[in-house]
1. Given the conditions (1) of a type in the set (Phe, Trp, Tyr); (2) surrounded by fewer than 18 Cβ atoms within 10 Å (Cβ to Cβ); (3) touching a Gly at 6+ places or on another chain (Cβ under 8 Å), report the number of the one that Tyr168 does not fulfil.
2. Of everything in the stretch 277-287, what is surrounded by fewer than 19 Cβ atoms within 10 Å (Cβ to Cβ) and either in contact with a strand residue (DSSP E or B) (Cβ under 9 Å, 6 or more places away or on another chain) or hydrophobic (A, V, I, L, M, F, W, C) (or both)? Give them in sequence order.
3. Could you run through the stretch 244-297 and say how many residues are in contact with an Asp or Glu (Cβ under 7 Å, 6 or more places away or on another chain) and of a type in the set (A, V, I, L, M, F, W, C)?
4. How about the stretch 130-142: which of its residues are without any contact (Cβ under 8 Å) to a residue 40 or more places away in the chain and either aliphatic (A, V, I, L, M) or closer than 19 Å to Asp278 by Cα (or both)?
5. Among the residues that make up the stretch 9-21, is at least one of them over 26 Å from Leu311 (Cα atoms) and either touching a strand residue (DSSP E or B) at 6+ places or on another chain (Cβ under 8 Å) or in a helix (DSSP H, G or I) (or both)?
6. So which strands (runs of 3 or more DSSP E) are wholly in the stretch 24-128 and hold at least 1 residues that are of a type outside the set (A, V, I, L, M), in contact with a Ser or Thr (Cβ under 9 Å, 6 or more places away or on another chain) and touching a residue at least 12 places away in the same chain (Cβ under 8 Å)?
7. When only residues in the stretch 1-36 that are among the hydroxyl-bearing types (Ser, Thr, Tyr) and under 21 Å from the mean Cα position of the chain (by Cα) count, which is surrounded by the fewest Cβ atoms within 10 Å (Cβ to Cβ)?
8. So, in the stretch 53-86, exactly how many residues are crowded, with 23+ Cβ neighbours inside 10 Å, at pLDDT 95 or above and farther than 19 Å from Asp158 by Cα?
Amino acid sequence: MHKQSKIYIAGHRGMVGSAVRRALEADGFTNIIGKTSSELDLRDQKAVSNFIASEQPNVIIDAAARVGGILANNDFPYQFLMENLQIQNNLIDAAHKLNVEKFIFLGSSCIYPKLAPQPLKEDCLLTDSLEPTNEWYAIAKITGVKACEAIRKQYHKDFVSLMPTNLYGSFDNFDLKTSHVLPAMLRKFHEAKTNGHTPVTLWGSGRPMREFLYVDDMAEAVVFAVNNILPEHLYNVGTGTDVTIKELAETIQQVIGHEGDIIWDSEKPDGTPRKLMDVSKLKNAGWQSSTSLLEGIKYTYAWFLENQDTLKQVKLSK
């Protein structure tokens, strides 16, 4: 791909999209475009088609989605299913019909069955039932994966899907009610430190194991996909290693400098015992992650400290 190629990032202001933009710029790409949701409603098929026809990008990276935690997925199943289908299908269909050279679809490890063997391989897709708490989002993302696969199979176009593990980093969501486990822990330990190193209470036993990928590494995987023609349609993106939730908490506590106790509330659920990605396919293609969990947490906490005032303003404005 030429460095002057026009690249459209859908969702360029989000945690993933903004990281992808930084990584592309660092790699020398100079013609990167994005539109805010107020400028372009990705749920509007005609608007998306007109935009792609007008801009004629060489590459589309779909990092746009309606996202949320378990509660949001449970309360708004129709919106999570339909809006994500609309967003991705409008982009995929316009890219196909308007002959966009490359399309990169970003999803989530939640596309895989709840009880799939560990580590999760790409070929376990659609082999069993999904996790009920996020199946609406997962079904939409599975549809996107299969649409890209169908276009590759029928029209031999360079459409590829990248499925990341749990992501964290700059521009993450640190709201304690809606954030994922790593940013929520970071916020809790930070506030406990500033309040005199008070104890931090965390859910469960701390024994479940999870994999975490620094978002800038995910962005570098996207750049790798931009620069190369990958031979298959679906790739997991992760570190290939996991840690217990207890180890994660202790690492975050160390980085922040919190000196209080950690209390595990064993009456709260643990969730799935383990969730690890098999990342051998992408590694064999030529890419692997480079940021350790400790380094990534340090970078994320530094960003959090630099942006505390903005984060407070965002919370107040909701």
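The values are calculated or read from the model by the stated rules, or taken from the named source; none is laboratory data. All values reported here derive from a predicted model rather than from experimental measurement. When we count neighbours, we look across all protein chains shown, and the Cβ atoms used for this are built from the backbone with ideal geometry, even at glycine.
1. Unmet condition: (2).
2. Asp278, Ser280, Lys281, Ala285
3. 2
4. If the condition is that a residue be without any contact (Cβ under 8 Å) to a residue 40 or more places away in the chain and either aliphatic (A, V, I, L, M) or closer than 19 Å to Asp278 by Cα (or both), then Leu130, Ala138, Ile142 are the ones that fit.
5. We begin by selecting, within the stretch 9-21, every residue over 26 Å from Leu311 (Cα atoms); these are none.
No, there is no match, as no residue in the stretch 9-21 is over 26 Å from Leu311 (Cα atoms) and either touching a strand residue (DSSP E or B) at 6+ places or on another chain (Cβ under 8 Å) or in a helix (DSSP H, G or I) (or both).
6. Once the strands (runs of 3 or more DSSP E) in the stretch 24-128 are filtered for at least 1 residues that are of a type outside the set (A, V, I, L, M), in contact with a Ser or Thr (Cβ under 9 Å, 6 or more places away or on another chain) and touching a residue at least 12 places away in the same chain (Cβ under 8 Å), what remains is 31-33, 102-106.
7. Out of the qualifying residues, it is Thr36.
8. Adding up the residues that qualify gives 2.
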